[in-house]
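**Q** Please see the structure below; I have some questions.
The values are calculated or read from the model by the stated rules, or taken from the named source; none is laboratory data. Just so it is clear, the structure is predicted and the values come from calculations on it, not from any experiment. Glycine also receives a Cβ, built like all others from the backbone with ideal geometry; neighbour counts cover every protein chain displayed.
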Amino acid sequence: MNLSSEYMASLSRQSSSLGGIRSRNPAQRAISGLLVSAAWWCAAVPCLPAHAEGNKAAAQAVPEKSTKAEPERLTFNLGRFEIREVRTAREETTKISFVAYFAMSPDVSKKDLLKFEHRKHRLRDQVIIAVRAAQNLDFQEPELQRLRRLILFRVRRLLKEDVVQDILLSEFTFATE
């Protein structure tokens, strides 16, 4: 418990001794309300970095926001996937549609992305295999964590290097009949 919360608790006890906020007397309610708001203000002012004039040490302690933007993360577009799977054992047809992107690690350059272009069909095959191996519950997760993890596992195994950080799925639709 820090100093300001101890101070607030003591003022709360004092205001309850004055009759509390639920008191029937309007004057007592007003006094206790003023005490609570004054306590909040007194507890909040010391938290401000430079609340007094001439307090340069506190003003210097506040780190300035960096205007330097993070470097743009490269992505590799695998294209649109339209997968229709018939599961005869359950007598259902699943239709899945999405656009897949790889979020590359920061040390990958644009030249390295050109090397992925000749492997694109193999990478797409691995995505399709991972989607077909997934269960219907995996498609119903809000962020598709398990499906993305399955795809990432297969892609990293194919590439034999850790250049893909994440799988980004957009325009995802899932339907069963």
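**Q** Any residue at all in the range 104-115 that is in the same structural domain as E171 (by TED's automatic domain parsing), under 16 Å from F153 (Cβ atoms), among the aliphatic types (A, V, I, L, M) and touching a residue at least 60 places away in the same chain (Cβ under 8 Å)?
**A** no
**Q** Can you tell me which residues in the range 89-144 are more than 27 Å from the chain's Cα centre (by Cα) and assigned to a strand (DSSP E or B)?
**A** Once the filter is applied, which keeps residues that are more than 27 Å from the chain's Cα centre (by Cα) and assigned to a strand (DSSP E or B), the range 89-144 yields E92, T93, T94, K95.
**Q** I need the full set of residues from the range 123-162 which are touching a strand residue (DSSP E or B) at 6+ places or on another chain (Cβ under 7 Å) and surrounded by 14 or more Cβ atoms within 10 Å (Cβ to Cβ), in order please.
**A** Those that are touching a strand residue (DSSP E or B) at 6+ places or on another chain (Cβ under 7 Å) and surrounded by 14 or more Cβ atoms within 10 Å (Cβ to Cβ): L123, R124, V127, I128, V131, F139, L144, R148, I151, L152, V155, R156.
**Q** Return yes or no: is E82 in a strand (DSSP E or B), modelled with pLDDT of 85 or more, exposed (fewer than 14 other Cβ atoms within 10 Å of the Cβ) and at positive phi? Walk me through how you get there before you give the answer.
**A** Working: in a strand (DSSP E or B): yes; modelled with pLDDT of 85 or more: yes; exposed (fewer than 14 other Cβ atoms within 10 Å of the Cβ): yes; at positive phi: no.
When the stated conditions are applied, E82 does not pass them.
**Q** Still on this structure, please answer the following. Consider L158 carefully, then state whether it is under 19 Å from the mean Cα position of the chain (by Cα), in a helix (DSSP H, G or I) and modelled with pLDDT under 95. Let's see the steps before the verdict.
**A** Values: under 19 Å from the mean Cα position of the chain (by Cα): no; in a helix (DSSP H, G or I): yes; modelled with pLDDT under 95: yes.
Answer is no for this residue.
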